[in-house]
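The values are calculated or read from the model by the stated rules, or taken from the named source; none is laboratory data. All values derive from a computational prediction rather than experimental measurement. Ideal geometry is used to build each Cβ from the backbone, glycine not excepted, and the neighbour counts take in all protein chains shown. When the accessible area is computed, the model is the full protein with side chains, heavy atoms only, and any ligands, DNA or RNA have been set aside. Shrake-Rupley method; radii C 1.70, N 1.55, O 1.52, S 1.80 Å.
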Amino acid sequence: MALLLPFTYGMDPTVAVVLLAATYVGAEYGGSIPAILIRTPGTNAAAATVLDGYAMKQQGRAGEALGISLYSGFVGGIVGLVVLVLLTEPLSRVALAFTPPAYFALGVLGLSVIGSVSGGSLVKGLIAALLGLMIATIGTDPVTGTSRFTFGSPELLSGIPPILVMVGLFAIGELLAQTGEPGWEKASADSARIRFPGPAMWKRIARPQAIGSVMGTIEGVMPGGGGTISAFLAYNEARRWSSHPEEFGKGSPEGIAAPEAANNTVACTALIPMLSLGIPSSNSSAVLLGGFLIHGLVPGPMLFVRNPEVVTGLYWGLLVANIAMLILGYLIMTPCLWLVNRPKPYLMGFIYAFVVSGVYSIEGSLFHVGVALGFGALGYVMRYLKIPFLPMVLGVVLGFLVESNYRRALVLSSGDHSTFLRDPLAAGLLLVAVTFIVVTVVRHLRAGREATA
Amino acid sequence: MRREIVFGGATLVLSAVYYWLADRLPVSQLSDAIGPEGLPKIYALALAALSFILIIGAVADRRRAAQASESRAPLSRVAGVLLMGVAYIVLAPWIGYPVAIAALIAATTYYQGGAFTREAALVAVSGGVLFWLLFVVLMGIEQPAGIWR
Amino acid sequence: MIRSRHAVLLFALAATACGGGGETRTVTRVVTHSSPGGGSDVFLREMIPHLSRVMSGTVIVDNIQGGSGAKAIATVAAAAPDGRTLYATTPTYIYTSLLSRPEARYTDLEPLVNLFFDPEVLYTAADSRFRSLRDVLDHARTGPGRWGAANPASLERQVMEQIKQKAGVNAAITTFEGGGDMLLNVLNHTLDMGVGELQEIRGQLDAGRIRLLAVVGQARLPQFPDVATAREQGIDLAVRKFRGLAGPKGMPAEVIAAWEAAVPKLLEDPAYRKLYMDNSLQPGYMTHAEYVAFMQKFGADTQAFLQDAGVIE
């Protein structure tokens, strides 16, 4: 969406803001389509959608999965918008409650779902997560500014972007794994069409959507959150509260509805800290912030006083964008579905071309393409050894957040670890995380014992 | 489960190398109590411990039952796909984006079992043009231009 | 990019809406390491329409991100020294050159002219008990002080470390990823004070949520005549966060002369003056010769600081 920015320079500020907001909503949603169709999340937050989305695609239910994702994303977006319009003022105060210890606790909470997305083996999941955390340490040290594990390469100075890891593991890894596999059956006409959920399905996915929206609202308010944590937490909670928990990971509609509702709620509520504090919480909201600045609009409490028409314009823009997303999404998904049902050799060629072009576009770097290829090879090995990807993704995405805030908190407390318990918010989040971890470990141990018995 | 033992061994080596690299990080006056090497060292130790658990588990499993190995593509074929990507990185700055993309599509298609037909060639060429239109013309992202500059 | 097929479609719509919106082909390309919408990017894009009134030809902005500026420096260093490829300087390019030792460093570029200084200010939350820099320092004398700087190895960090050293107080200096992140921790009283550019705290300052403690510069700011400098408050420190232009080595004299003629005119242009004063930029024109000497000293000082701190060898 950064590409669109220059086009808005000459426009009226309100029009520019509406256009940017619309692109923003599209960009935040768009990551889910490749997540379902080719198992490649286009945004960090869409990683949780891969689990059940791709499982459904493999069962020939891609159309249904896309329909649920779009519908849930729409619901989440509208909930987020309502929260944004009605609660910006009180929630911006919540954002202020987040101190370094609380951010650390939030990151730990995100990591605590590792066990739930590890598949069968907790040991393998933890190994993957640690590898992810290690990857996150590459680059500039958050406290001293020295470079770590960069081997003198300036390309590595700002770290390895998580998107490269995901594209490598999922998309290129899949290309490698598919090599030599037989081509697939032609999809039936039924699965090649988008199917919006009917009333029975509405009822079933209402609960995961509610869970997702709540999680999304909470994370969106926190600057720096970005949507990944809430998507995974929503997935985890939706499974806990579901009447069909056994279907999760094997193509459960609820497993799509929860993270999709969550990350689209975040797209709107993330604008709360951006508008009221001028602090963007994701890359795309940072671009939106840049768009504001270029038009001389300074986000902050005074924006609501000085340029109320821009704020109102933004709200309307988001509403229109969410409705447009529903329509455009429908229109664009049909050709996408058609594309993924082409003969396998062609599809593989196009995915490969798409991946190298897309990776290059991020920073115009062929080095990045090489990094993604390397992760593709790793992804192939991990697939072969049945080592889960998602813990690694979580490690890469959250590693920096966890480490920098852990050390920041200790600098501020002069090395006193009790700071994490004295901050009520941090203590609360850590308590929840510990509960998650204990429950997961017990579940894994019990499953292990049953398997041996 | 020999492959798990091998993988566990590899992560064990990795943790040792990573620990060593972390240990060699220069000491800075601007550093905090934890330091740039603090968490990396903990990660390395944890990874080493988990690698041991994985290896021991795999050895125990091996005694119980020999797992049926699944079919997989021979490594040489997998390496071939990767090589095409490497070739793209090397060649794209010379031959230019649309040509490199068309070549990548053609090579992948052929490699994945497609025949070398007129249709395949047509798909590859139109793919190159399509991607060029999409990324360079429509989205305005500069891709390696090569001789087309 | 992969993430957004919608973006593609909307982009198409937008492109049609602006009537194609294509840029005319370049005369001068100014390379910045800033992402679209980032600090330097916004600054350049705001300047260009005004620049075109005092200089012939077209100027375009080229965002070359990656490697904290290393790639942008390398691109410009490798370009032909005909004045058609320039680099938008900020202290980042010195820090990156020193910290990561990339192939092309700041010494491989030739400073052209300087345009502005970004005033660095020390600030605290409006409802905090600190009223001046002295209050913060007194607090840090009796107990642990908690100060923040936006990035780990940056001019701002250097400012905080030097204040701590000069005042001889005990303060924990925390760094963040960018100014917004730190601002939050000043507002919620996690930090006693923060340091940053006036521009990035503008929103909160206007809303009366932030109080300025001191200007870390040569003189008080015309917009805030009541805020004393650090020097006036007993800390002998003044930094100059520069914004100017540099180019490949060996640029022809007429290119240099053209910029030296244009920039003073640009800075006096009333419309542009209003804009940059609103954005809290201080005009800081330097000729080519002055800028080269300035950059040499800035680089040497920064190197000495980083070496003393043990960040680099």
* Regarding the protein assembly as shown, what are the three Cα extents along the principal axes, ordered largest first, in Å? -> 78, 63, 53
* Structure fact -> Between chains A and B, the summed loss of accessible surface on complex formation, probed at 1.4 Å and reported to the nearest 100 square angstrom, is 5300
* Sequence of A:Lys250, C:Lys71 from largest to smallest accessible area, 1.4 Å probe -> A:Lys250, C:Lys71
* Structure fact -> Under the rule rounded for a/c under 1.5, else prolate if a/b exceeds b/c, else oblate, using alpha carbon gyration tensor axes a ≥ b ≥ c, region A:69-113 is classed as oblate
* To do: Provide the buried accessible surface between chains B and C in square angstrom, both chains summed, 1.4 Å probe, rounded to the nearest 100.
  => 900
* Write down the Kirkwood hydrodynamic radius of region A:342-394, to one decimal in angstroms, obtained as one divided by the mean of 1/r over all alpha carbon pairs. => 12.5
* **Total charge dipole magnitude, region B:2-64, about the Cα centre, Cβ charges on Lys, Arg, Asp, Glu only, Debye to nearest 20** => 480
* With r defined as the distance between the Cβ atoms of C:Ala262 and A:Val432 and R0 fixed at 60 Å, what FRET efficiency is calculated, to the nearest 0.05? -> 0.50
* In region A:5-452, how many lysine pairs have Cα atoms under 17 Å apart, counting only pairs 8 or more places apart or on different chains? -> 6
* Kindly compute the accessible surface that chains A and C hide from a 1.4 Å probe when together, both sides summed, and give it to the nearest 100 Å². => 5300
* How much area per residue is accessible in region A:5-452 when the probe is 1.4 Å and only protein heavy atoms are counted (Å²)? -> 33
* Structure fact -> For the pair C:Glu313 and C:Asn188, the simple spin-label estimate (label points 7 Å beyond Cα toward Cβ) gives in nm 4.1
* Structure fact -> Expressed in angstrom, Rg and Dmax over the Cα atoms of region B:75-148 are 12.8, 38
* Asked: Evaluated at 10 °C with a viscosity of 1.306 mPa s, what Stokes-Einstein diffusion coefficient in µm²/s does region A:22-85 have when Rh comes from the Kirkwood expression over alpha-carbon pairs?
  -> 133
* Structure fact -> A 1.4 Å probe over the protein heavy atoms gives chain A a carbon and sulfur accessible-area percentage of 68
* Asked: If you project the alpha carbons of region A:330-426 onto their three principal axes, what span does each projection cover, largest first, in Å?
  -> 61, 33, 33
* In Å², nearest 10: area of C:His288 left accessible to a 1.4 Å probe -> 30
* Can you pull the Rg over Rh of region A:5-452, Cα-only, Kirkwood? -> 0.95
* Estimated Rh, chain C: Kirkwood, alpha-carbon pairs, angstrom -> 20.9
* Asked: Given R₀ = 30 Å, FRET efficiency for B:Ala49-A:Val94 by Cβ-Cβ distance, to 0.05?
  -> 0.20
* To do: Treating only the Cβ atoms of Lys and Arg (+1) and Asp and Glu (-1) as charged, compute the dipole magnitude of the protein assembly as shown about its Cα centre; round to the nearest 20 debye.
  => 2080
* Rounded to the nearest 500 deg cm²/dmol, what is the calculated helix-only ellipticity per residue at 222 nm for chain B, with -39500 (n - 2.57) per DSSP H run of length n ≥ 4? -> -23000 deg cm²/dmol
* Asked: Hey, what did chain A get for relative contact order, percent, Cα under 8 Å, at least 6 apart?
  -> 32
* Asked: Which whole-percent values make up P(r) of region B:1-48 when all C-alpha to C-alpha distances are grouped in 5 Å steps starting at zero?
  -> 5, 22, 24, 17, 12, 8, 5, 3, 2, 0
* **Kirkwood-based shape ratio for chain B, expressed as Rg/Rh from alpha carbons** => 1.19
* Structure fact -> Taking chain A and counting helices only, DSSP H stretches of n ≥ 4 at -39,500 (n - 2.57) each over all residues, the nearest-500 ellipticity at 222 nm comes to -23000 deg cm²/dmol
* Heavy atoms of B:Phe7: accessible area, 1.4 Å probe, square angstrom to 10 -> 20
* **Charge context of C:Pro222, other residues only, Cβ under 14 angstrom, K/R +1, D/E -1** => +1
* Average accessible area per residue (Å²) across region B:2-64 - probe 1.4 Å, nucleic acids and ligands excluded -> 55
* Asked: Given the rule -39500 (n - 2.57) for each run of at least 4 DSSP H residues, summed and divided by the residues of chain C, what is its mean residue ellipticity at 222 nm, to the nearest 500 deg cm²/dmol?
  -> -13500 deg cm²/dmol
* What is the magnitude of the charge dipole of region A:214-271 about its Cα centre, with +1 placed on the Cβ of each Lys and Arg, -1 on the Cβ of each Asp and Glu, and no other charges, expressed in debye to the nearest 20? -> 60
* Give the percent of DSSP beta bridges with both residues in chain C that are antiparallel, rounded to the nearest 5. => 60
* For C:Ala238 and C:Arg129, what is the calculated FRET efficiency with R₀ set at 30 Å and r taken between the beta-carbons, to the nearest 0.05? -> 0.65
* Structure fact -> Along the dipole axis of the protein assembly as shown (charges at Cβ: +1 for Lys and Arg, -1 for Asp and Glu; origin at the Cα centre), the most positive-end residue among C:Val30, A:Gly159, C:Tyr87 is A:Gly159
* To do: Using a 1.4 Å probe and ignoring any ligands, DNA or RNA, find the accessible area of A:Ile138 and quote it in Å² to the nearest 10.
  => 40
* Asked: Any idea what the relative contact order of region B:2-64 is, in percent, if you count C-alpha pairs under 8 Å spaced at least 6 apart?
  -> 55
* For C:Lys241, enumerate residues with amide H under 5 Å from its amide H, sequence gap 5+ or separate chain, H modeled in the peptide plane. => C:Asp118, C:Glu120
* Using a 1.4 angstrom probe, figure out how much accessible area region C:168-228 has per residue, in square angstrom, rounded to the nearest whole. => 31
* Dimensionless Rg/Rh of region C:91-222 - Kirkwood Rh, Rg from C-alpha atoms -> 1.00
* Asked: Across all directions of projection, what mean area in square nanometres is found for the Cα convex hull of region C:251-313?
  -> 6.3
* Structure fact -> Applied in sequence order to region A:200-207, the curve 6.51 cos²θ - 1.76 cosθ + 1.60 (Karplus, θ = phi - 60°) yields integer Hz couplings, x standing for Gly and Pro, of 5, 5, 3, 5, 5, 9, 5, 5
* By the scheme Lys and Arg +1, Asp and Glu -1, what is the net charge of all other residues having a beta-carbon under 15 Å from that of A:Gly415? -> +2
* Structure fact -> Scoring chain C by relative contact order with C-alpha pairs under 8 Å, at least six apart, yields a percentage of 24
